[in-house]
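To start, the structure under review is shown below, and the notes come after it.
The values are calculated or read from the model by the stated rules, or taken from the named source; none is laboratory data. Remember, predicted model here, so these are calculated numbers, not experimental data. Neighbour counts run over all protein chains shown; Cβ positions are idealised from the backbone, glycine included. Just the protein is used for accessible areas: all its heavy atoms, side chains included, with ligands, DNA and RNA removed. Shrake-Rupley method; radii C 1.70, N 1.55, O 1.52, S 1.80 Å.
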Amino acid sequence: MNGVQLWAVQRATAMVLALAVVVHLVTILVAVRGGLSAAEIIGRTRGNWAWLGFYSVFALAAGLHGAIGLRAIAAEWAGWRGRGYDLAWIGIALLTAAFGIRAAWGLYSA
Amino acid sequence: MGEATAMLRVKVWRGNAEGGAMADYAVPARANQTVLDVVTHIQREVDPTLAYRFACRVGMCGSCAMVVNGRPRWTCRTHVSRVAQDGALELRPLSNLPVIRDLATDMAPFFDKWAKARGTFQPKDAPDGSVPDDFAVVPPATKQRQQADAGIECIGCGVCYSGCDIVAWNPDYLGPAALNRAWTLVNDVRDGARKDRLAAVAGDAGCHACHSTQSCTAHCPKGIDPSGAIAGLKRSLFWPGFKGGVR
Ligand code: SF4
Ligand code: SF4
Ligand code: FES
């Protein structure tokens, strides 16, 4: 991926995140009404495909968006530029996303 | 007369590419005095070795820009009364450009970037440079014409370039003026190099490096909005960029 594509991905993930964060917050507000227990959470998330799908997309968007942003800061402030750094940032993006998806999977399959 | 003339306290950066320091001057305050008048007074009456640059004195040539009290400005159209703080002025050469001597910077990197951004008009009808048979009609009410007109009055003063943090952080960045120029040509229906030009301004040294902070727009003495022009370039590049059509 080149700089233009990374920029386009960051723009696209920003749009996904804008929506996902709203959905996420509304879900929390609705879910905690009248108290919340671990059993209640797992009761909702276990085996819930829609829930897993949503949070996988959310985690992927957040991982990509964050790492591409850090790439720009590192380029400007530390002069880290070039193909090697770009590949490292994509690696960090996917790793962060993988942690998030792994957590969602944990609740799905609990 | 009789009364002592009010004096301005003027600090001027003196030096060259190796470095320099501020020097103090006292200049008589006058009504309707411009910052360029102050510099000219110092050079004519106090120290003829002071280097600076100007030509038209009426805001057309773009050669007199300096940093005045921390802000880049065109000095021939900047009245002292508007910018002096308690009768004090501090003058430095433009930032983000190599200093030749004192207040004169080397504008070559700035204009080299215009060339890199494909800032030259390339007639569609006459790629070989010959004169087209007829006048092109570009209706003033069309959107493209209006977008081109919005940026066309740039005088190449370098004020926006001096005020842009990204230029300071990323020396390869083409900068607001070159990208604004590219945007006027992207919107010029008579131009035949749209694709090459968009490719030239894409990427980490081009429009995608801009953070839309708008300090270029805030500083431009001609009221141009380079930040908006750059946003236009980014929009034009969104889909072609995704598909890998540009580098
Ligand atoms: S909007 Fe872009 S070009 Fe203008 S000053 Fe900010 S970063 Fe520089
Ligand atoms: S866009 Fe404005 S500030 Fe920048 S070079 Fe042109 S006239 Fe000067
Ligand atoms: S001297 Fe020409 S713009 Fe100031």
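What the Kirkwood sum gives for chain A is a hydrodynamic radius of 15.4 Å, with every pair of different alpha carbons counted.
Using a cutoff of 8 angstrom between alpha carbon atoms and counting only pairs six or more residues apart, the relative contact order for segment B:7-105 works out to 34 percent. Normalised by 2.2 N^0.38 Å, where N counts its residues, the alpha-carbon radius of gyration of segment B:1-131 equals 1.31. In this assembly, the A-B interface accounts for approximately 1300 Å² of buried accessible surface in total, computed with a 1.4 Å probe and without ligands, DNA or RNA. For chain B, the relative contact order works out to 17 percent when only alpha carbon pairs closer than 8 Å and six or more residues apart are counted. Secondary-structure-derived ellipticity at 222 nm for chain B, considering helices only, amounts to -8500 deg cm²/dmol, per-run term -39500 (n - 2.57) for DSSP H runs with n ≥ 4. When each full DSSP H helix of chain A is screened for a Cα extent of at least 15 Å along its own axis and an average Kyte-Doolittle hydropathy of at least -1.0, the helices passing are A:3-32, A:49-78, A:83-108.
Computed from Cα positions, the angle between helix B:176-186 and the longest principal axis of chain B comes to roughly 30 degrees. Charged neighbours of B:G232, selected by a Cβ distance under 12 Å, balance to +2 (K, R count +1; D, E count -1). Here the protein assembly as shown has 59 percent of its accessible surface on carbon and sulfur atoms, given a 1.4 Å probe and all protein chains in place. Treating r as the C-beta distance of B:A218 and A:E40 and R0 as 45 Å, the FRET efficiency rounds to 0.30. Counting Lys and Arg as +1 and Asp and Glu as -1 over every other residue whose Cβ lies under 15 Å from the Cβ of A:L94, the net charge comes to +1.
Accessible area per residue for the protein assembly as shown is 54 Å², calculated with a 1.4 Å probe on protein heavy atoms, without ligands, DNA or RNA. As a ratio to 2.2 N^0.38 Å, the alpha-carbon radius of gyration computed for segment B:108-241 takes the value 1.03.
Set the Cα radius of gyration of chain B against 2.2 N^0.38 Å, with N its number of residues, and you get 1.16.
Relative protection proxy for A:86-98, A:44-56, from highest mean packing down: A:86-98, A:44-56 (other beta-carbon atoms within 10 angstrom). Entry note, segment A:1-98: relative contact order of 35 percent, from Cα contacts under 8 Å with a spacing of 6+ residues. Taken along its principal axes, the alpha carbon cloud of the protein assembly as shown reaches lengths of 92, 61, 40 Å, longest axis first. The three principal axes of the C-alpha atoms in segment B:72-120 carry coordinate ranges of 44, 22, 14 Å, sorted with the longest axis first.
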